[in-house]
Amino acid sequence: MAGIRFQPEDSDASQMSRQVAAIDLISDDDRSVAADSWSIKSDYGSTLDDEQRHVDAAEALSAASFRASSDYNSDKDESDSDAVPSMLGFQSYWDATYADELVNFREHGHTGEVWFGADVMEKVASWTKNLCLEMSQSHLPDHSNTNHLTAGQSEKDLSTWSVLDVGTGNGLLLQELAKQGFSDLSGTDYSEGAIDLARRLADRDGFTNIKFLVDDILETKLDQKFQLVTDKGTLDAIGLHPDGHIKRMLYWDSVSGIVAAGGLLVITSCNSTKDELIQEVEAFNQRKSCASQEPNNIADQNTGKDPPRFQYIDHIRSYPTFTFGGSVGSRVATVAFLRN
Ligand SMILES: C[S@@+](CC[C@H](N)C(=O)[O-])C[C@H]1O[C@@H](n2cnc3c(N)ncnc32)[C@H](O)[C@@H]1O
């Protein structure tokens, strides 16, 4: 498989991504299911204020799996394989969504959905920055305070981190990471419309150094590794496909190939708790270690290299809860894993 690298703005990929068409791969019946499961799309940018849309969006992604909201710190009996599939697991859904969002951007200048809300996005970005700074200075995460780092030192340290946001959508998390001081920033999404929107927003907002590329994380063509890989809502969406359980396994295989050794993976999810994500990572580690010990796996044994593994490092400890329709809605978990 030929690998690809991020190209400058006017690459073929960039031009292709501008020719966005809402490819209708799903039936009208399916569409009405999607509309029910994410009703805010019809009112998008019109009657709902921003805060309400954030609440609705998080609710929609979580409700799509029809799972009870739960404390992100708690252990649960349910496994991820219990998630009920939804339209949010299909690329056709996202293509149609971003086609709508591009129209809203052109006509009204709207940025599109901020998944889990602006507060969560800002918290993820600032918490990730502090974690990276501590890692740069070879400290273990300090949960109390990182303000002792000087501004100049921070900028220098952050400039060495190459960052990839998988399933970047409108790319706003990357803009937020840029505001925190990261400068080597890239985003991928399998929907051309998402990448088109992300590029337009980055250009409009003056973040022209952020690179964007159409890429499916489950069949990635990237041939470079990144010190920091972020995912906000992408693994959630992947898990909502009817083959979500298998696709989540493919996700870990794929992601382990693009996080550099010693690098970080930071996942933000509203469908998995912190503990579920850790369990999923442990299952991945075990699969890899079993595979490397199989007698016919000469390649791994000859190189003497350890198979890729992820290790839990830290998670965001305080998140607001959302109240929707009179009941407490989705909560979010953000967990960081270190790649060996
Ligand atoms: C819930 S949205 C989150 C978007 C963005 N990360 C954010 O926080 O605003 C899920 C995103 O994952 C993307 N996505 C889903 N499956 C993907 C895959 N296999 N490869 C790349 N992107 C994917 C969708 O197109 C969509 O943009």
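Computed from the coordinates by the stated procedures, all read-outs in this text should not be read as laboratory data. As the structure is a prediction and not an experimental result, all values here were calculated from the model. Neighbour counts are summed over all protein chains in view; Cβ atoms, including those assigned to glycine, are modelled from backbone coordinates with ideal geometry.
Amide H neighbours of R309 under 5 Å, counting only residues 5+ apart in sequence or on other chains, H built in-plane at 1.01 Å?
Those qualifying (amide H under 5 Å, at least 5 residues apart or on another chain) are N340.
Quick one: if the Förster radius is 35 Å, what FRET efficiency do S126 and E294 give, using the C-beta to C-beta distance and rounding to 0.05?
So the FRET efficiency works out to roughly 0.20.
What is the distance, in nm, between label points placed 7 Å from the Cα along the Cα-to-Cβ direction at Y312 and at D205?
3.2 nm
Tell me the label-point distance for the pair V103, Q137, using the 7 Å Cα-to-Cβ offset, in nm and rounded to one decimal.
Taking the simple label geometry, V103 and Q137 are separated by 5.1 nm.
Once both labels are modelled 7 Å past Cα along the beta-carbon direction, what's the D243-E282 spacing in nm?
Label-label distance for D243 and E282, simple model: 2.9 nm.
Where in region 201-228 is the amide nitrogen less than 19 Å from a point lying 7 Å along the Cα-to-Cβ axis of Q91?
What the label zone holds, given the 19 Å backbone N cut-off, is 212-223.
Test of understanding: ordering H110, H245 by Cβ neighbours within 10 Å, fewest first, what list do you get?
By the 10 Å Cβ count, ascending: H245, H110.
Please work out the FRET efficiency for the pair S183 and N340, using the Cβ-Cβ distance as r and a Förster radius of 25 Å; give the result to the nearest 0.05.
Rounded to the nearest 0.05, the efficiency is 0.45.
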